[in-house]
Ligand code: AVI
């Protein structure tokens, strides 16, 4: 009998057979993971969300002017990884007030997050035209290539920081490819700062980030019939100011074996062996300029908050 493995099963098989073991942070976002991420965004240590909010509050009108086509042309405002859309609502209000004709196209991998967002928008902004899509970034890139008309693409919250440097450039180049000269991209970048503040943002005192990381194992238990015992795993994170990377790990606190039914395979973990689960890169403004140029883009304007913790950068081809 031939068994068709899900994307998750194939990814986990590959990731746990390699050294060091790794599973992509893309799989954090089942419904429970998306809810935990909402809680992370409220944490006192997790500054990026507040910083980006303050940029939108302070510079919302200028951002909207830099994003929307002149002459009142109809356009699509596509948001990759929309989540709860809380920050975007500030821009949506600005766009509606400015009388710009547009359709909001939120894209998110979590069906639960999308249902919540659409319901909230219908209530808060009933006049808004919304065309939601539940998909991963790669499917969304494909849809972007085939979407006619003017567009502004939002990629907020430092989601770009979760890519590996090589994948980051390739993703950005693919985002740039379907853009006409008048189309715009708005990307949120978390900036390099006091290393202790950065590290604390990924290892909060209440343990919400730990629960978010460990939820990946709960997901594997549920969806792949794995038998991870969460009592013997812990969250660990470090930050290197040399390359600007926060790396997160799940650490096996003792030698153990884990069976994954969907793969019909048992994996050995040595005591203190890790599964690398996430990278969250932090940038400098010159690095952002260089990255944009490598992807065939130019920086139109960069908006930062008063503390220069975060940058929202408008890019064009
Ligand atoms: C979604 N992403 C930008 C978050 C980040 O900051 O890298 C995910 C996250 N991981 C731990 N805390 C937040």
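The table for this structure:
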| read-out | value |
| --- | --- |
| Test set (1) touching a strand residue (DSSP E or B) at 6+ places or on another chain (Cβ under 6 Å); (2) away from the ligand (no atom under 16 Å from the Cβ) - residue 173 fails condition number | (1) |
| Residue check for residue 215: out of contact with any strand residue (DSSP E or B) (no Cβ under 7 Å at 6 or more places or on another chain) and either assigned to a loop (DSSP other than H, G, I, E, B) or within 15 Å of the ligand (Cβ to nearest atom) (or both) | yes |
| Residue in segment 32-41 that is buried (at least 17 other Cβ atoms within 10 Å of the Cβ) and either away from the ligand (no atom under 16 Å from the Cβ) or part of a strand (DSSP E or B) (or both) present | no |
| Boolean, residue 268 is within 16 Å of the ligand (Cβ to nearest atom) and either outside any strand (DSSP E or B) or modelled with pLDDT of 95 or more (or both) | no |
| Lone qualifier among 288, 260 - being within 16 Å of the ligand (Cβ to nearest atom) and either on the phi > 0 side of the Ramachandran plot or modelled with pLDDT of 95 or more (or both) | 288 |
| Matching entry among 79, 97 (being closer than 30 Å to residue 308 by Cβ and free of Cβ contacts under 8 Å to residues at least 24 places away in the same chain) | 97 |
| Residue check for residue 163: out of contact with any strand residue (DSSP E or B) (no Cβ under 7 Å at 6 or more places or on another chain) and at pLDDT 95 or above | yes |
| Any hit, segment 110-127, residues being within 20 Å of residue 314 (Cβ to Cβ) and surrounded by 22 or more Cβ atoms within 10 Å (Cβ to Cβ) | no |
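The values are calculated or read from the model by the stated rules, or taken from the named source; none is laboratory data. Predicted model, so just to flag it, every value in this text is computed and none were measured. No Cβ is skipped: glycine too gets one built from the backbone with ideal geometry, and neighbour counts run over all protein chains shown.
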